[in-house]
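Q: Structure provided below as structure tokens; questions to follow.
The values are calculated or read from the model by the stated rules, or taken from the named source; none is laboratory data. Everything numeric here is computed off the predicted structure, so don't read it as measured data. All Cβ positions, even for glycine, are placed from backbone atoms using ideal geometry, and neighbour counts span all protein chains on display.
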Amino acid sequence: MALDLETFKSPGKEYRGVPFWSLNDRLEDEELRWQIAEMDEKGWGGFFLHAREILITPYLSREWMDRLRTCVEEAERRGMGAWLYDEDRWPSGFAGGLVPAMSSRYRAKALMLHISDRLFKVEDAIRVFKCRLVGGRVEDLEVVREGEPEEPGRVYLYFVRYVAPVGESWFTNFCYIDTLDPEAVNAFIEVTYEAYRRELGRWFGTAIPGIFTDEPNFSASRPHPKSRVLARGPKYPAYFLPWTDRLPEYFRERNGYDILDHLPSLFFDVGDYAKVRYDFWSTVTELFLEHYTKKIYEWCDRNNLKYTGHYLAEDTLLSQMLCIGAAMPHYEYMHVPGVDHLGRNIEGVLTMKQVSSVANQLGKERVLSETYGCSGQNLSFEDRKWIGDWEYVLGINLLNHHLSLYSMRGARKRDYPPNLFWQQPWWRYNRLIEDYFARLSYALSQGVRVVDVLVVHPIGSAWALYTPLNDGPVRELDEALSWLLKTLLDLKYDFELGDEWIMARHGRVEGGRLWVGRSSYSVVIVPPSVTLAGSTVRLLREFASAGGLLIFVRPTPHMADGRPSEEVKALVEAGVVVDAYSEEELLEALKPLRRRVEVLDEGGRVIRSVWYHLRRDGSKWVLFLANVDRSRCYKAKVKVLCRGGVEEWDPFTGEARPIPCSSEGGYTVVELDFPPVGS
């Protein structure tokens, strides 16, 4: 559907915001219908039926299903979307405690490293090694054989299977599940998804557009990777990594060797440790993708539901690796991929660009963000616009407001505010800001985003470098990546991220450009890294041979799939190499690329805080500009690398008007004013 002014003026309810409706008390039909009417009248297009803290109506009970049926019928009557939510609270998977209650097999697991000066029997030990610690290094590493005696001066490394104990109140007095185990996930699907299909399936794909999964992960109910060293306690702390009982079997099938023989390399710099770590995290990530995400995506696909939501800790390389392995591969298997953004801030470019890149590359029209949580009850309309504009300029086009409380009784009012609902004194004016975002959602859902720069996502380098004993090298990668992404946006070199798994499946070189799905790029930047996937090396070599501009930011990679590679070194030599944190060198390297959009002040300098989102919709270009600065206004000269007349479409009013423009060296030029938080 081509961009249309009449639809822009009055977009359908599918483009309006969809809040988390916190169902957190005894649910009553009359009250539910009244609150749905309020949402409809004040500008929202639907709601997520979110079981939340202090819910009195029993979750997944007959009473619960009856109340949800009331909501769905009212939404159908009003042409709204009654989206399901797949958990009692979060993270998704434990079904309000029902799944971990079924079997200890379904409970979360980890691998614990216990270090001791003594040799003794440990019932759940998977493997035991002995070594010497010399100046902080592991030497003379050997497997401990059955029945051998303790040796003085030796240190013993016990790798112990950990199973989450029951008793966690957040998980309804049980624990989280093993999301790497397909049978545990099958149990979750049966208890939750199939229950909804039986009770509400007749509305799937109509009044119930889809279902939200919230923060699934493989870290909950496990100890932190590195336990704190306290003033009182053992000589050596414990260390933990994700695990599942069949991981050794999967690992051998995938990688061709036994992970049990190399467990020390996951923690210490011994053996071929970079390769072992790379393979371990790649395997864990694949297990989570295959056994959780793809299972639920395929179930939803068969049952005419859109699978949406977000995964835990997408924010940094380190956080996503420890909780989900990698964020971007999951978005391929979501009908409406999503993220969350917490707090009154505009930090986290990586989070937004990860999801919007995959969506654009693979042709997913809508991109969701769970937004405004933890921003405080005094969140203003200006705050909402500032945060929302920042998200939309980075590729979001479906707002999922956190949160609208069914009840504010007692402790409920303190549930990660703000409460964006009828209890607020400004509620009568909510439609003003919601009409703005509905029109923006419509416009930025049309066509294809146009960028020329692809940044290769360095999660593989995080896998190769990480050890629970020292996460510093991964933090350094994070800091350098954050600098690079922010600098590119400030300098008006819009970019997308390339996940190496997605590039392996959907990447090709054609016409001198590197394509990922439907998106193409003339410049590829490899951020600070130590390794690339072998498939990426082959793709980049072909891209460079076709004349593509290949830029490496130091430190440059020297491995392929976690092993030293002369091919990678040759690839780096064929590219342009710049120092991290050197804006001058980065600009010089990018000189061959003409910017699609320039935003200049009266002195001809780049205005760093006005960011842009450019789309192509048939013969039309759609440009959204947002001033992400809350204190400064700008008089800007905006240049767009295209020819034609210019109209300004106002998301606040729905009106359009032609504005004066001129031509300059292939660019169409307009003069625009940007107040603080202006767009």
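Q: Residues in the range 320-373 that are under 18 Å from L289 (Cα atoms) and among the charged types (D, E, K, R): how many?
A: 1
Q: Would you check if there is a residue in the range 491-505 being in contact with a strand residue (DSSP E or B) (Cβ under 7 Å, 6 or more places away or on another chain), surrounded by fewer than 18 Cβ atoms within 10 Å (Cβ to Cβ) and over 22 Å from T283 (Cα atoms)?
A: Yes: the range 491-505 contains one or more residues that are in contact with a strand residue (DSSP E or B) (Cβ under 7 Å, 6 or more places away or on another chain), surrounded by fewer than 18 Cβ atoms within 10 Å (Cβ to Cβ) and over 22 Å from T283 (Cα atoms).
Q: Being crowded, with 19+ Cβ neighbours inside 10 Å and either touching a Cys at 6+ places or on another chain (Cβ under 8 Å) or of a type in the set (A, V, I, L, M, F, W, C) (or both) is the filter here, so list the residues in the range 4-25 that pass it.
A: Within the range 4-25, F8, V18, F20, W21, L23 qualify.
Q: Over 30 Å from S520 (Cβ atoms) and in a loop (DSSP other than H, G, I, E, B) - does that describe any residue in the range 380-398?
A: Step one: filter the range 380-398 for residues over 30 Å from S520 (Cβ atoms), giving 380-387.
Narrowing the set further to residues that are in a loop (DSSP other than H, G, I, E, B) leaves 380.
Checked against the condition, which is being over 30 Å from S520 (Cβ atoms) and in a loop (DSSP other than H, G, I, E, B), the range 380-398 yields at least one hit.
Q: Can you find a residue in the range 655-676 that is surrounded by 16 or more Cβ atoms within 10 Å (Cβ to Cβ), part of a loop (DSSP other than H, G, I, E, B) and either modelled with pLDDT under 95 or within 33 Å of the chain's Cα centre (by Cα) (or both)?
A: No, the range 655-676 has no match at all.
Q: Report yes if some residue within the range 239-254 is surrounded by fewer than 22 Cβ atoms within 10 Å (Cβ to Cβ), in a loop (DSSP other than H, G, I, E, B), modelled with pLDDT of 95 or more and not hydroxyl-bearing (S, T, Y); otherwise report no.
A: Taking every residue of the range 239-254 in turn, at least one turns out to be surrounded by fewer than 22 Cβ atoms within 10 Å (Cβ to Cβ), in a loop (DSSP other than H, G, I, E, B), modelled with pLDDT of 95 or more and not hydroxyl-bearing (S, T, Y).
Q: Quick check on A443: is it of a type in the set (G, A, S) and in contact (Cβ under 8 Å) with a residue 40 or more places away in the chain? Explain how you work it out, then say what you get.
A: Working: of a type in the set (G, A, S): yes; in contact (Cβ under 8 Å) with a residue 40 or more places away in the chain: yes.
For A443, the condition - of a type in the set (G, A, S) and in contact (Cβ under 8 Å) with a residue 40 or more places away in the chain - is met.
Q: A further question follows. Taking helices (runs of 4 or more DSSP H) that do not extend beyond the range 22-104, which have at least 1 residues that are out of contact with any helix residue (DSSP H, G or I) (no Cβ under 7 Å at 6 or more places or on another chain) and closer than 21 Å to G410 by Cα? First the steps, then the outcome.
A: Values: elements: 29-41, 62-78, 98-102.
Per the criteria, 29-41.
Q: Taking the range 535-562 as the region of interest, how many residues are under 24 Å from the mean Cα position of the chain (by Cα) and surrounded by fewer than 19 Cβ atoms within 10 Å (Cβ to Cβ)?
A: Summing the residues that are under 24 Å from the mean Cα position of the chain (by Cα) and surrounded by fewer than 19 Cβ atoms within 10 Å (Cβ to Cβ) in the range 535-562 gives 1.
Q: If the requirement is being crowded, with 18+ Cβ neighbours inside 10 Å and either free of Cβ contacts under 8 Å to residues at least 60 places away in the same chain or over 28 Å from V622 (Cα atoms) (or both), which of these qualifies: W64, W34?
A: Details: W34 fails: crowded, with 18+ Cβ neighbours inside 10 Å.
The conditions single out W64.
Here is a yes/no grid of residues against (1) under 17 Å from the mean Cα position of the chain (by Cα); (2) surrounded by fewer than 23 Cβ atoms within 10 Å (Cβ to Cβ); (3) in contact (Cβ under 8 Å) with a residue 12 or more places away in the chain:
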position	(1), (2), (3)
Y278	no, no, yes
K294	yes, yes, yes
Y311	yes, no, yes
H330	yes, no, yes
M334	yes, no, yes
I346	yes, yes, yes
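Q: Suppose we keep only residues that are touching a strand residue (DSSP E or B) at 6+ places or on another chain (Cβ under 9 Å) and among the hydrophobic types (A, V, I, L, M, F, W, C) within the range 563-579. Which one would you say is surrounded by the fewest Cβ atoms within 10 Å (Cβ to Cβ)?
A: By that ranking, first place goes to A574.
Q: Could I ask something else about it? Take the conditions without any contact (Cβ under 8 Å) to a residue 40 or more places away in the chain, hydroxyl-bearing (S, T, Y) and either part of a strand (DSSP E or B) or surrounded by 21 or more Cβ atoms within 10 Å (Cβ to Cβ) (or both) and apply them to S520. Does it pass?
A: Details: without any contact (Cβ under 8 Å) to a residue 40 or more places away in the chain: yes; hydroxyl-bearing (S, T, Y): yes; either part of a strand (DSSP E or B) or surrounded by 21 or more Cβ atoms within 10 Å (Cβ to Cβ) (or both): yes.
It is true that S520 is without any contact (Cβ under 8 Å) to a residue 40 or more places away in the chain, hydroxyl-bearing (S, T, Y) and either part of a strand (DSSP E or B) or surrounded by 21 or more Cβ atoms within 10 Å (Cβ to Cβ) (or both).
Q: Would a scan of the range 42-52 turn up a residue that is under 17 Å from L405 (Cα atoms) and free of Cβ contacts under 8 Å to residues at least 60 places away in the same chain?
A: Quick first cut of the range 42-52, residues under 17 Å from L405 (Cα atoms) only: 42-52.
Among the residues that remain, those that are also free of Cβ contacts under 8 Å to residues at least 60 places away in the same chain are: 49, 51.
Scanning the range 42-52, I find at least one residue that is under 17 Å from L405 (Cα atoms) and free of Cβ contacts under 8 Å to residues at least 60 places away in the same chain, so the answer is yes.
Q: Does L399 satisfy being in the same structural domain as L68 (by TED's automatic domain parsing), within 24 Å of V451 (Cα to Cα) and buried (at least 24 other Cβ atoms within 10 Å of the Cβ)?
A: Values: in the same structural domain as L68 (by TED's automatic domain parsing): yes; within 24 Å of V451 (Cα to Cα): yes; buried (at least 24 other Cβ atoms within 10 Å of the Cβ): yes.
The answer is yes for L399.
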